[in-house]
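Please treat every number below as a calculation from the coordinates, not as lab data. Source: prediction; values computed, not measured. Positions of Cβ are generated from backbone atoms using ideal geometry, with glycine treated the same way; all protein chains shown enter the neighbour counts.
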Amino acid sequence: MPSGKNEWWRDAVIYQVYPRSFSDSNADGIGDIPGILSRVDYLANLGVDAIWISPFYDSPLLDGGYDVSDFRLVDPRLGVVADVEDLIRAAHAKGVKLFMDIVPNHTSSAHAWFHEVLNSEPGSPAWDRYVIKEGKGAGHEFPPTNWQSVFHGDAWSPLVLANGVKTKYWYLHIFDSSQPDLNWENSEVRAEFEDILKFWFDLGIDGFRIDVAHGLIKDQTFPDIDYGAAREKGLLGAPILSPFWDQDGVHEVYRSWRKIADSYQPPKVFCGETSAPSPERLALYQRPDELHTSFNFHYLRAGFDAIRLKDSVDSTLLNHRKVGAPATWVLSNHDIVRHATRLAPGQSDQPTVMPTPDNADRGVARARAATLFTLGLPGSTYLYQGEELGLPEVLDLPGEARQDPVWFRTGGKEIGRDGCRVPLPWSGDLPSYGFGSGENSWLPQPHSWEHLSVQAQESGDTTLNFYRAALAKRREELATGDGELQWRMGEFTTPNDSILAYRRPHPVSPLTCLMNTTGEMWSAPHSFGTQVVVASGPEVAIVDSGDGEHLVLGPETSVWVRG
Ligand code: GLC
Ligand code: CA
């Protein structure tokens, strides 16, 4: 059981670092662990409670590090284990917690275990660690099922041994063919991951984000999928209801992981990258003896639409309350179109559909409004590096620079996720804009980023200063755990329900968040008062139209007010 309602992770702000793109200490164009260490002060001053770092394990980097060849080593391009220890110490000295990313669904095909498969007899014990099955057809020339990879194409590849001998077997890879799926029915696989968790926990890591947390267990009857009937889409457009997602058996894995986390003092924490078909199914992962939190991708798909945002908040809070867990909220990450671009008018709400470069200014205004609305909600919030600078998705990367397997597996039909992974601009007026000391960056940065760098946003009404103010106020005023929320739309009527208002009750200093999703100014009734705490945009005014002062919100603007 949770030890109480005041655990730090219940209302934490967690900042995601995509390590190759954050900060480069040795000018080779690749962000690294010492680079992150050099920016710990920046992150502490921004006001985040924890940092989650995407994988930095040893990896051939065929899927940005989510293809791990050794879970106990750091990619030599990014550093060594001792650098991670230094980083843990530096973060802790500033009161900032550190999360790593664990990738239990698959290994890289360069992992020693997969080499063992390729160098052993069919059916050897090494084979049982992966999902390997005989092909269909007289010559076993067809894959065992019709399952499609999340990155497109077949989810099975023929198993050819290291000596070149073709077998009648195929191995499963829900992602790239260089990412064979592990067989979680195998007890050695379970034991190995428990050991990996302990390895990093012992080193001082505070918790793990769990990659594809809903994917480990496969339906052992291996049924074909009716893709025509699969309507609801999840990660990268793959159907959410699949025989390899959200199988009941996966909960057993997290029950044993939770015991390990709870054996530490203070206890370690998990956040699952969990895609479930409904908020009800998602909440099951947060039962008291399983994961502490999971990402909430339902909310992420609500776009800049007041009705859908409210519905998502309601169902998320309701279902999390049933299991006593705090909700989490997220608007951007390394897999989806940055929300400063995605939320612009006329773009798709589907987070992986590539946008057009229209309405960029309104995208930033809406992103700031959505961020302030999100930061006021009860629970914890995840930020993705660069969103505090209002960075847009980079839409015009040259084909030869792209590295996402989605780009390669679709023959360039889908441009993939590189556009949200472009290295951050820190300072200066020439590439790499302070990412490293020279001009190198593994993906090219747009010239306009000169004006979006941290240095360029140090003073004035910038997105960076808006984030700093909002995070400071959140810490001062909303540090009430996962708390309550009361909607206040009963106090006004708007066409199309396009204004949202909620109060976070507090015995001394309640706060209300108002969000205007329309393109027009909106006058709030007197009951909302005029004491502005923080606003997402400049167009917030106090106006007296003859009947006393009241608050006026600019178009696509959110505000926190007292009361
Ligand atoms: C997760 C990661 C994504 C990765 C995939 C396969 O969805 O967030 O970046 O490609 O898992 O590991
Ligand atoms: Ca480097």
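With a 10 Å Cβ neighbour count serving as the proxy for reagent exposure, in which order, fewest first, do Cys513, Cys271 appear? Walk me through the numbers on the way to the answer.
Details: Cys513 24, Cys271 27.
Ranked by crowding around the Cβ, least crowded first: Cys513, Cys271.
Answer with one residue from Trp127, Gly204, Ala138: the one whose Cα lies farthest towards the positive end of the charge dipole of segment 111-220, charges on Cβ with Lys, Arg +1 and Asp, Glu -1.
Selected residue: Ala138.
Among the aspartates and glutamates, which have Cα under 20 Å from the Cα of Lys413 when same-chain residues fewer than 8 positions away are ignored?
Asp63, Asp154, Asp176, Asp335, Asp349, Glu393, Asp396, Glu400, Asp404
Over the Cα atoms of segment 484-562, what radius of gyration and what Dmax do you get, in Å?
Expressed in Å, the Cα Rg and Dmax of segment 484-562 come to 11.9, 35.
To the nearest 500 deg cm²/dmol, what mean residue ellipticity at 222 nm is calculated for the chain from DSSP H runs of n ≥ 4 alone, each contributing -39,500 (n - 2.57), summed and divided by the residues? Present the calculation step by step, with values, prior to reporting the outcome.
Working: 13 runs with 130 residues, N = 563.
Helix-only estimate at 222 nm: -7000 deg cm²/dmol.
For segment 422-539, what is the convex hull volume of its Cα atoms per residue in Å³? Let's see the in-between values first.
On the way: hull volume 20.1 nm³, N = 118.
Considering the Cα atoms of segment 422-539, their hull volume per residue is 170 Å³.
With N residues in segment 112-172, what two-decimal value do you get for its Cα radius of gyration over 2.2 N^0.38 Å? Don't jump to the answer; show the numbers that get you there.
Values: Rg = 11.5 Å, N = 61, 2.2 N^0.38 = 10.5 Å.
Cα-based Rg divided by the globular estimate yields 1.10.
Students often forget the sequence filter, so: which lysines lie under 27 Å Cα-Cα from Lys97 once same-chain residues fewer than 8 apart are removed?
Those lysines meeting the cut-off are Lys5, Lys198, Lys259, Lys268, Lys473.
Name the shape class, rounded, prolate or oblate, that the alpha-carbon gyration tensor gives for segment 296-336, where a ≥ b ≥ c are the square roots of its eigenvalues, rounded holds for a/c under 1.5, and otherwise prolate holds if a/b is larger than b/c and oblate otherwise.
Numbers: a/c = 3.44, a/b = 1.35, b/c = 2.55.
Note, shape of segment 296-336 comes out oblate.
Tell me the volume per residue, in Å³, of the convex hull enclosing the alpha carbons of segment 20-149.
Working: hull volume 18.7 nm³, N = 130.
Per-residue hull volume (Cα only) is 144 Å³.
Would you kindly state how much longer the chain becomes between Asp547 and Asp396 on full extension, computed as 0.36 nm times their sequence separation minus their alpha carbon distance, in nm to one decimal? Write out the running numbers ahead of the final one.
On the way: separation 151, 0.36 × 151 = 54.36 nm, distance 5.19 nm.
Result: 49.2 nm gained on full extension.
Can you list the residues, at least 5 places off or on another chain, whose amide H is less than 5 Å from the amide H of Val533, using H built in the peptide plane?
Excluding prolines and chain starts, which carry no amide H, the hits are Trp560, Val561, Arg562.
Taking just the C-alpha trace of the chain, give me its Rg and Dmax in Å.
Considering the chain through its Cα atoms, Rg and Dmax are 23.8, 87 Å.
Please compute the volume of the convex hull spanned by the alpha-carbon atoms of segment 339-419 and report it per residue in Å³. Working shown, then result.
Values: hull volume 9.0 nm³, N = 81.
Cα convex hull per residue, to the nearest whole number: 111 Å³.
Can you give the alpha-carbon Rg of segment 174-270 over 2.2 N^0.38 Å, where N counts its residues? List each step's numbers first, then the result.
Numbers: Rg = 15.6 Å, N = 97, 2.2 N^0.38 = 12.5 Å.
Ratio of Rg to 2.2 N^0.38 Å for segment 174-270: 1.25.
First select every other residue whose beta carbon is under 13 angstrom from the beta carbon of Pro538; then total the charges, Lys and Arg +1, Asp and Glu -1. Don't skip to the answer; put the middle values down first.
On the way: positive: Arg368; negative: Asp361, Asp461, Glu539, Glu556.
So the environment of Pro538 carries a net charge of -3.
So which lysines can Lys166 reach, going by Cα to Cα under 30 Å and dropping same-chain residues fewer than 8 places off?
Lys133, Lys136, Lys218
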